[in-house]
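The values are calculated or read from the model by the stated rules, or taken from the named source; none is laboratory data. Bear in mind the structure is a predicted one, so any value in this text is a computation, not a measurement. All Cβ positions, glycine included, derive from the backbone under ideal geometry; neighbour counts span all protein chains shown. Heads up: the accessible areas ignore ligands, DNA and RNA and are worked out on the full protein's heavy atoms, side chains in. Shrake-Rupley method; radii C 1.70, N 1.55, O 1.52, S 1.80 Å.
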Amino acid sequence: MTTFIVANWKMNPSTKEEAVSLLLAMEKLGKENKKVIICPPFPFMSLSKNVILGAQNCFFEKEGPFTGEVSPYMLKSLGCNYVIVGHSERRNFFQEDSSLIRKKIEVLNDAKMTTILCVGEKSREDSDVVETITRQIESVLDGVSLQNIIIAYEPVFAIGTGDSCSAEIAKERRELIKEVLFEIDKNENPAILYGGSVDSNNVSEYIDKAGFDGVLVGGASLNKDEFKKIVDSV
Ligand code: PGA
């Protein structure tokens, strides 16, 4: 089984020099069964040839008059085969909804690239959490091949807050996600990651206790030493 450690740098760092230094530190972290995928901002994607590249976003067309957008095929030609889709920051700041997310997943499937689809409830008090997560998955994946899909369970309250979700709750959500995916396609078994304030102290809880296939790391992936510790702890 492969364990995934995905680094989501978000809109960081602000200079090329800092990006090069971070990339250099991350070049040798992965192993056969431990896949370290680095998702830098677009301008920094060509700065290292020695990491497995992921992107934080893409558009849903191959090419054309879409000012400011980036096509999955452009990413693929840079050697990037993974794209994060449906991150809560994109849903909130850019009003990305299910129909847009679905189009992105379809074009990524056409390009034979892997989608890392983020889902998760907004608040700890969400009494309809089963319905929320089920809808987030079904609305974008029903009728879609799951062959190139990874799910990242990211409870929004835990993102960037230090207020991570307990391993017990995360495990329940993982089981729910597995059931929903099983209903969509019984033959595929997509990897399920946890994201939201992951650090070197809590990472093993999500992998060993809660049974996730890996983690999506935001803030802590911008700190070389901390990120190395996370990879080492997996
Ligand atoms: P965080 O971000 O690790 O800083 O909470 C995770 C994410 O947004 O993917």
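Some points to look at:
- Residues in segment 1-35 that are under 20 Å from residue 49 (Cβ atoms) and within 16 Å of the ligand (Cβ to nearest atom): 5, 6, 7, 9, 13, 22, 26.
- Within segment 177-193, tally of residues that are within 18 Å of the chain's Cα centre (by Cα) and either in contact (Cβ under 8 Å) with a residue 12 or more places away in the chain or open to solvent by less than 20 Å² (accessible area, probe 1.4 Å) (or both): 7
- So residue 89, is it of a type outside the set (Val, Ile, Thr), away from the ligand (no atom under 16 Å from the Cβ) and either part of a helix (DSSP H, G or I) or farther than 22 Å from residue 219 by Cα (or both): no
- Selection of segment 134-149 for residues being hydrophobic (A, V, I, L, M, F, W, C) and open to solvent by 10 Å² or more (accessible area, probe 1.4 Å) yields only 144.
- The requirement of being outside any helix (DSSP H, G or I) and among the β-branched types (Val, Ile, Thr) is fulfilled somewhere in segment 172-194, by at least one residue.
- Only listed residue being acidic (Asp, Glu) and within 16 Å of the ligand (Cβ to nearest atom), chosen from 163, 142: 163
- Here is the figure for segment 208-232: residues that are assigned to a helix (DSSP H, G or I) and either at pLDDT below 95 or of a type outside the set (Val, Ile, Thr) (or both) total 13.
- Taking the criterion of being open to solvent by less than 40 Å² (accessible area, probe 1.4 Å) and either in contact with an Asp or Glu (Cβ under 6 Å, 6 or more places away or on another chain) or in a loop (DSSP other than H, G, I, E, B) (or both), the residues of segment 31-51 that qualify are 40, 41, 45, 48, 51.
- Odd one out for residue 112, checked against (1) assigned to a helix (DSSP H, G or I); (2) away from the ligand (no atom under 16 Å from the Cβ); (3) in contact (Cβ under 8 Å) with a residue 24 or more places away in the chain; (4) not aromatic (Phe, Trp, Tyr): (1)
- Criterion (open to solvent by less than 20 Å² (accessible area, probe 1.4 Å), more than 24 Å from residue 154 (Cα to Cα) and either without any contact (Cβ under 8 Å) to a residue 40 or more places away in the chain or assigned to a strand (DSSP E or B) (or both)) met by exactly one of 19, 7: 19
- Selection within segment 74-93 - surrounded by fewer than 17 Cβ atoms within 10 Å (Cβ to Cβ) and under 16 Å from residue 11 (Cα atoms): 92, 93
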